[in-house]
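None of the figures in this text is laboratory data; all of them are computed from the coordinates on show. All values reported here derive from a predicted model rather than from experimental measurement. So basically every Cβ, Gly included, is an ideal-geometry build from the backbone, and we count neighbours across all protein chains shown.
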Ligand code: NAD
């Protein structure tokens, strides 16, 4: 399967799932655009190394996904967008009545509104070429809920709804839009939740991983960034031409419970 000739933009891709998805898309031959809000030499080096590993063009474009104009600017600066992976996301854990308003606003902006802005900017480019893929990285928390994660869960349910609407508005145009719903994947975002979860539940690290974080993941195994990347590559393949407006869970059975 080759994605040669396609340009993929992956938001929030200087670490974790986004970087894993970029790696698999590059392995399949796509040119990739990495992104985060920082603009450090190591961000650009990360893209250069990835491109060299796979023999593809790889660029890094800094843009803050909490700001609508920068989301749209990312697509414009890239100059082409055949594959858009909306992946940037943050987490914050607190009960609703103590949830800081600025954190609520930031999570909604980065985890949900950014996908609206990038999609709005990318669809005209996809329509002009008669082919496109929008892959939104939602979550098992786009389909189910847990306490203390109100903003994240509201945003991820929103991403699932946005994916369906995007699919309907692009149906029959060679463009598909789907949401991948990972269970727990061990990345910096999850690593950062462990101390909070230890505090909330009064448990040590191993116990909180086994008994809390992976409790709802029947496989009791973390999903990997390679698996999320491979699922993205599948959604970009001809086999998935008629797969649109749906969710694909990569969650070790979480949503089967
Ligand atoms: P991560 O913290 O490793 O990666 C998040 C990425 O988003 C980073 O590259 C970060 O730089 C970027 N980012 C953060 N704020 C940004 C901003 N304002 N502008 C641009 N980029 C920004 O986390 P991850 O676990 O790889 O998460 C990636 C996505 O996958 C998120 O949307 C997350 O909700 C989702 N997800 C993760 C898991 C999991 O278990 N790790 C499970 C389900 C869904």
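Laid out as a table, the results:
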quantity: Gap separating the Cα centres of the range 146-180 and the range 24-56, nearest whole Å; calculated: 26 Å
quantity: Over the range 1-105: Kirkwood hydrodynamic radius from C-alpha pairwise inverse distances, Å; calculated: 14.3 Å
quantity: Distance histogram for the range 137-188 (every C-alpha pair counted, 5 angstrom bins, percent rounded to whole numbers); calculated: 5, 21, 24, 21, 13, 9, 5, 2, 0
quantity: Rg in Å to one decimal, and Dmax rounded to a whole Å, for the range 21-73 via C-alpha atoms; calculated: 11.5, 32
quantity: Cα-based helix-to-principal-axis angle, 188-201 vs the chain, degrees rounded to 10; calculated: 20 degrees
quantity: Förster-model FRET efficiency, 30 Å R0, residue 196 and residue 131, C-beta, rounded to 0.05; calculated: 0.10
quantity: Descending principal axes extents, the range 106-167, alpha-carbon based, whole Å; calculated: 43, 21, 14
quantity: Cα-based Rg / Dmax (Å) for the range 105-257; calculated: 16.6, 55
quantity: Extension gain from residue 97 to residue 243, taking 0.36 nm per residue of separation minus the Cα-Cα distance; calculated: 48.6 nm
quantity: Long-range Cα-Cα pairs in the range 173-257 (distance over 14 Å), rounded percent; calculated: 67 percent
quantity: Zero-based 10 Å bins, Cα pair distances in the chain, whole percents; calculated: 8, 32, 37, 19, 4, 0
quantity: FRET E, pair residue 154, residue 39, Förster distance 25 Å, beta-carbon r, rounded to 0.05; calculated: 0.25
